[in-house]
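Undergrad: My questions all concern the structure below.
The values are calculated or read from the model by the stated rules, or taken from the named source; none is laboratory data. Please read these numbers as outputs of a predicted model, since none were measured by experiment. Here the Cβ positions follow ideal geometry from the backbone for every residue, glycine too, while neighbour counts run over all protein chains shown. Side chains are part of the model used for accessible areas, which takes the heavy atoms of the whole protein and leaves out ligands, DNA and RNA. Shrake-Rupley method; radii C 1.70, N 1.55, O 1.52, S 1.80 Å.
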Amino acid sequence: IYYGDEIGMVGNSSLPSKEGGYQRTQSRTPMRRDNNHGAGFSSASPEQYYLPVDTEPAWATVSAQESEENSLLTFVRDLIHYRRTNPVLGASARLQPLHAHADSPLFVYEIRASAGRVVVALNPADREVTGTSAEPVCGFDELSTVRCQGNVQIDESQITAGPVSFAILESR
């Protein structure tokens, strides 16, 4: 996760690079905390800012997303919490790709540890994708959906994922 990703910030490519920016200055503008002066980031006058605050009114702010149950910020926080509290996702877990091919955007993998297992299916493409797992996603009935976006279906070895979708499944 890069700075600003958690609220959906995008870079402003029209900004010139500054020292220390390493051509990523556009990704370092102040995060919009709110819609007040200085985006809640600074009370200084705009000409004193090191980098300008993006004034596009449509951009998301932290304060707007904090209270929204289905916001990107809430989603990112939930995923971080899931990662931190799930013993299967520890450093000693074994990751095994189940579907990963150069000609397919679909990526399905399994994480196994003594504490259990997690299966993740990702489709970043803007179209539905179907693929076959290297091995059956055995015991699928023993898995429950933790988080899902879009339509993802797994039937033993066949995985179908709708456009821009993912599913996280774990052992019960």
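Undergrad: Only residues that are within 26 Å of Ser14 (Cα to Cα), open to solvent by 60 Å² or more (accessible area, probe 1.4 Å) and in a loop (DSSP other than H, G, I, E, B): list them for segment 53-80, please.
TA: Within segment 53-80, Thr55, Glu56, Pro57, Ala58, Trp59 meet the criteria.
Undergrad: Further question on the same structure: Among the residues that make up segment 27-50, is at least one of them modelled with pLDDT under 75, part of a helix (DSSP H, G or I) and either within 30 Å of Gly150 (Cα to Cα) or not hydrophobic (A, V, I, L, M, F, W, C) (or both)?
TA: Looking for residues that are modelled with pLDDT under 75, part of a helix (DSSP H, G or I) and either within 30 Å of Gly150 (Cα to Cα) or not hydrophobic (A, V, I, L, M, F, W, C) (or both), one finds at least one in segment 27-50, hence yes.
Undergrad: For Ala91, which of the numbered conditions (1) more than 24 Å from Gly8 (Cβ to Cβ); (2) in a strand (DSSP E or B) fails to hold?
TA: (2)
Undergrad: Additional query: From the residues in segment 129-153 that are under 15 Å from Pro105 (Cβ atoms) and open to solvent by less than 60 Å² (accessible area, probe 1.4 Å), which one is modelled with the lowest pLDDT?
TA: If we take residues in segment 129-153 being under 15 Å from Pro105 (Cβ atoms) and open to solvent by less than 60 Å² (accessible area, probe 1.4 Å), then Gly150 is modelled with the lowest pLDDT.
Undergrad: Please find, among Pro163, Pro97, the residue that is outside any strand (DSSP E or B), surrounded by fewer than 18 Cβ atoms within 10 Å (Cβ to Cβ) and not basic (Lys, Arg).
TA: Within the list Pro163, Pro97, the selection yields Pro163.
Undergrad: Condition test on Arg112, is it surrounded by 14 or more Cβ atoms within 10 Å (Cβ to Cβ) and either modelled with pLDDT under 90 or assigned to a loop (DSSP other than H, G, I, E, B) (or both)?
TA: It is true that Arg112 is surrounded by 14 or more Cβ atoms within 10 Å (Cβ to Cβ) and either modelled with pLDDT under 90 or assigned to a loop (DSSP other than H, G, I, E, B) (or both).
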